[in-house]
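The block underneath contains the structure these notes are about, expressed in structure tokens.
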Amino acid sequence: MNTRAQHRPVKDPIRTARAYSTRLTAAEMADIVDPMRTCLAAAVAGVATQIQYQVLYTQALLATEIERTRIVRGLAGHIDLAQAALESWEQRALASGIWLPTALEFAEQDTLNTFVDLHEFQLQQLSAGEIFRASQRMIARARSAGGQVVHVGTDLKTLSGATV
């Protein structure tokens, strides 16, 4: 029997520690927040697709997971209001059985604008590793509940006319 140990490639520990302990750069933050703002603008205009809805809803789930970590606390009420606004919007859009774009009501617009601003603040307080771990826990919760995880490209402008 061959007992030779399998060797895994060794990662640079300094680079790994730096990647997980540093905060997101302005460009990385924009990669997260700009699609949210694009989706919200489409929702306000009444032309948002179901994928754009999912982007906003996923960020609300991530915000909830971050709240659970107790690193940034005190936003649970705002996050709950945002999720309620998203669910109300989804019910109207799916009233016919298929996604039909519908505009947000004024109170929903206000709630979701506040949520996007607060979620951006929330993300600014975390390290890249903390955000990664929170997103992994969110994905694990979705899968364990029987949900599906779909990876969407970051260019949501190309999805403006599509419905799912």
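A few points about this structure:
- Full-stretch length increase - Thr69, Ile14 - with 0.36 nm per residue and alpha-carbon distance subtracted: 17.3 nm
- Extension gain, Met29 to Gln124: 0.36 nm times the residue separation minus the Cα-Cα distance gives 33.4 nm.
- Cα pair count fraction exceeding 26 Å, expressed as % - the range 9-153: 28 percent
- Listed peptides 38-45, 130-137 by packing density, highest first (mean Cβ within 10 Å): 38-45, 130-137
- Approximating the spin labels as points 7 Å out from Cα along Cα→Cβ, the Asp110-to-Ile139 distance works out to 3.8 nm.
- Cα centroid separation - the range 51-90 against the range 103-120, whole Å: 11 Å
- Segment Ala76-Ser88, extension gain: residue separation times 0.36 nm, minus the distance between their alpha carbons: 2.5 nm
Only the coordinates and a few stated rules stand behind these numbers; no lab work does. Here the structure is a predicted model, which is why all the values come from computation and not from measurement. Every residue, glycine among them, receives a Cβ derived from its backbone with ideal geometry; neighbour counts consider all protein chains shown.
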